[in-house]
Amino acid sequence: QDGGRLIFTGTAEQRAGDIRDFAEIGTTSMIINLTALDLNAMLDRMEDFATNVVSLVNS
C-alpha cells in the first residue's frame, strides 16, 4: 500500500481491491479476522463483508 491506508480497511471497493491484489500474486486462501467486542457487532461485520466485499471480488 501507499502508506495512507492499512490493507483490508476502507471502503468495500478498497477491501475487494486488496483481495484481488493478493489473488494476482497467487494467493488462493485467506483468513479474515472480523472479530468485534460483542456478538452483534461481529455478525454485522460478517454480513457487511459477505454482502459488500465478496460480491465485488467475485464480479
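Expressed as an acute angle from 0 to 90° and rounded to the nearest 10, what is the orientation of the C-alpha long axis of helix 12-24 relative to the principal long axis of the chain? That works out to roughly 50 degrees. Dipole magnitude for the chain: about 80 debye, using +1 per Lys or Arg Cβ and -1 per Asp or Glu Cβ, origin at the Cα centre.
With Rh defined as the Kirkwood radius, the inverse of the mean 1/r over Cα pairs, the Rg/Rh of the chain is 0.98. Extending 7 Å from Cα along the Cβ direction at Thr11 and again at Asn52 yields two label points whose distance is 1.1 nm. Helix 39-48 axis versus longest C-alpha principal axis of the chain: approximately 40°, rounded to the nearest ten. Put a dot 7 Å past the Cα of Ala36, heading toward its Cβ, do the same for Asp21, and the two dots end up 2.5 nm apart.
No lab work stands behind these numbers, since they all come straight from the coordinates. Note that the coordinates shown come from a computational prediction; the quantities given were computed from them, not determined experimentally. Glycine gets a Cβ as well: all are built from the backbone with ideal geometry, and neighbour counts include every protein chain shown.
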